[in-house]
Amino acid sequence: MGRDVPKALVEIDGTPLVAHAARALAASGVVDALVITAPAGRSAQLRAAVGPLPLDVQVVDGGGTRQASVAAGLRLVPPDADVVLVHDAARPFAPSSLVERVVSAVRSGHGAVVPGLPVTDTIKRVAPDGSSPAGEVVTGSAGIERVVDTPDRSVLRAVQTPQGFDRELLQRAHADGAARAAAEHLAATDDAGLVEALGMPVHVVAGDVAASKITTERDLVLATLLQGER
């Protein structure tokens, strides 16, 4: 966002995004403990930003990627926790109904669950690096990309968080993902993707527009307006 502080500390109505997100999870009634991963050297600042909550809160330095940060947080999850949620501070207003829906789906026997919204835009898949699927270089003006195909949007979902997992499955997925990332210099941007890489199923439940992600200044303005309406 071009700020001089991490996005989690950007404020809406005087409250940092990480605090809004933590309070939303706590208010759901189905979360017993929180582990917050912080940018290096920011742990104390994030803990202070969250403030007091009616559940146990731990803060740990994250890693250089989202995958490494989640792995760091996963190591501090209480030993008696059987369901783990992975949530973005950049989605500060996920409603209790959404959190409950994800947890309920995991407890009903679905080991990996993500909330998702139907895609309303037409999506085009383009050839990487200006090349066609056959490998020919596509000539033309800079910034022009060749369309490969148009996926059927009726089967596409825009995935949100919190994502929910059986704890053992998520730990196994991260152990496998760490080995692959070390070998291929790749890191997952989505924990459900790690589960998919294991060959295990991932299921989708209905998302919620209130759980939209804040990425740009425009997103921040819209989230502030919506929060004011709420």
Subject >> the range 29-85: trypsin sites (Lys or Arg not before Pro) falling in loop per DSSP and having at most 13 other Cβ within 10 Å >> reply: 75
Original post:
How long is the gain from residue 126 to residue 150 if the chain were fully straight, where each residue apart is worth 0.36 nm and the alpha carbon distance is subtracted?
Top reply: 7.7 nm
Original post:
For the chain, what is the accessible area per residue in Å² when the probe is 1.4 Å?
Top reply: 54
Subject >> Measure of compaction for the range 1-86 (Cα Rg per 2.2 N^0.38 Å) >> reply: 1.07
Original post:
Based on the inverse mean of 1/r over its pairs of different Cα atoms, what is the Kirkwood hydrodynamic radius of the chain, in Å?
Top reply: 19.2
Original post:
In nm, to one decimal, how far is the residue 175 label point from the residue 213 one, both placed 7 Å along Cα→Cβ?
Top reply: 2.9
Original post:
Per the 1.4 Å probe, what fraction of the accessible area of the range 1-101, in percent, lies on carbon and sulfur atoms?
Top reply: 51
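The values are calculated or read from the model by the stated rules, or taken from the named source; none is laboratory data. Quick caveat, the model's predicted, so the values are computed rather than measured. Neighbour counts run over all protein chains shown; Cβ positions are idealised from the backbone, glycine included. Side chains included, ligands, DNA and RNA excluded: accessible areas come from the protein's heavy atoms. Shrake-Rupley method; radii C 1.70, N 1.55, O 1.52, S 1.80 Å.
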